[in-house]
1. If you scan the stretch A:120-154, which residues turn out to be at pLDDT below 95, surrounded by fewer than 13 Cβ atoms within 10 Å (Cβ to Cβ) and not charged (D, E, K, R)?
2. State all residues of the stretch A:106-133 that are within 10 Å of ligand 1 (Cβ to nearest atom), more than 10 Å from chain B (Cβ to nearest Cβ) and more than 17 Å from A:I82 (Cα to Cα); if no residue qualifies, say none.
3. Quick check on this structure: which one of A:I82, A:I91 is closer than 18 Å to A:R128 by Cβ, in contact with a strand residue (DSSP E or B) (Cβ under 6 Å, 6 or more places away or on another chain) and within 15 Å of ligand 2 (Cβ to nearest atom)?
4. So which of A:D123, A:D95, A:D107 ends up being without any contact (Cβ under 8 Å) to a residue 40 or more places away in the chain and within 19 Å of A:L35 (Cα to Cα)?
5. Within the stretch B:6-30, can you find the residues that are more than 21 Å from B:S85 (Cβ to Cβ) and crowded, with 20+ Cβ neighbours inside 10 Å?
6. Taking the stretch A:81-96, which residues are farther than 17 Å from B:H23 by Cβ and open to solvent by less than 20 Å² (accessible area, probe 1.4 Å)?
7. Can you report the number of residues in the stretch A:97-119 which are open to solvent by 40 Å² or more (accessible area, probe 1.4 Å), among the aliphatic types (A, V, I, L, M) and over 18 Å from A:T47 (Cβ atoms)?
8. Within the stretch B:45-62, is there a residue that is open to solvent by 30 Å² or more (accessible area, probe 1.4 Å) and outside any strand (DSSP E or B)?
Amino acid sequence: MKKSRVLNELKAEFPSLSENEALARLLVSGFISQLNPMVDELSDVKTAVSEAVTNCIVHAYRNTVGKVRMLVRIYDGSEVYIRITDTGCGIENLDKAMEPLFTSSPDEDRAGLGFTVMESFMDTLSVRSALGKGTTVTMRKKLRSRVQKDYNAG
Amino acid sequence: MTTRILFDEKNRCLVMLEGEIDHHNASQIRMKVDLAIDTHCPAELYLDFSGVSFMDSSGIGLVMGRYRILREYGAKLFVTNCKGSIRKVMQLSGMSRLAEFVDGNFEGQFERTNKEGVKNEEVQSVK
Ligand SMILES: Nc1ncnc2c1ncn2[C@@H]1O[C@H](COP(=O)(O)OP(=O)(O)O)[C@@H](O)[C@H]1O
Ligand SMILES: [Mg+2]
């Protein structure tokens, strides 16, 4: 497979406060708007980011505040790459965690559908996690952008 | 974020949700809706999404949680006016097997019934 070029990149880091769920959505939608995305594509990406960031806040740093890192890249061919990382508690059983409707906190009105949303709204989802070390969620989505934008260096 | 709650004389309760429903906002909405349920024990609860601009799976958790409360005492849940991306998220949840999904101007309906029936302000101020 041909390696595609990184055209633009955004890095953000913020504490795991629930106020920052909206901030993360705002950042990602502002950043990818340069690709001229369709309305439905934009809300797909925003929803997936909201899920990943919420999981850091609700699960990874339960009862504590830690750092959430977000990396967004735009690749050649209108491809959006998103990586969300926490250094929280990690996930013991990833297969089980990713099952639709599974949640470790049913008493808090969690639906257990965060991973399901990320999986169905993005083209690819991969999750790496180590107990006690943290979790990294990586997602990609190719947009059906209307016009290919010119990116000029400098 | 505002959440208007209307009642009518048939003991139905309509919640006009507004803005973005994420984990951060959901707890406040939940408190308001649960207070209305506790206070009035409506026979039917309508959650209206026409004013909702964004929702993630926290919104589904909100709906599922209210469904469980209502089911306990035999009340019925209606989910109304889910459009676009809200509908897409809702469809992933299988909620359509638990609640009835309907579209229409329920706000107008409730306001109309209320002219002859109960006044919203009065009902809302009941503790
Ligand atoms: N970043 C994370 N750190 C630790 N645990 C996580 C993380 N993300 C998800 N999980 C675990 O995976 C489960 C499923 O996540 P999800 O599908 O988003 O459902 P929900 O958030 O509603 O519980 C969570 O209940 C939690 O136990
Ligand atoms: Mg989640």
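The values are calculated or read from the model by the stated rules, or taken from the named source; none is laboratory data. Remember, it's a predicted structure, so these values are computed and weren't measured experimentally. For neighbour counting, all protein chains shown are included, and Cβ atoms are generated from backbone atoms with ideal geometry for every residue, glycine included. Note: accessible area is taken over every heavy atom of the protein model, side chains too, but ligands, DNA and RNA are not part of it. Shrake-Rupley method; radii C 1.70, N 1.55, O 1.52, S 1.80 Å.
1. The answer is A:V147, A:Q148, A:Y151, A:N152, A:A153, A:G154.
2. Selection gives A:L131 alone.
3. Only one candidate passes the filter, namely A:I91.
4. Exactly one residue qualifies, and that residue is A:D123.
5. Matches in the stretch B:6-30: B:L6, B:F7, B:D8, B:R12, B:C13, B:L14.
6. Residues satisfying the conditions are A:I82, A:G90.
7. 0
8. Taking every residue of the stretch B:45-62 in turn, none turns out to be open to solvent by 30 Å² or more (accessible area, probe 1.4 Å) and outside any strand (DSSP E or B).
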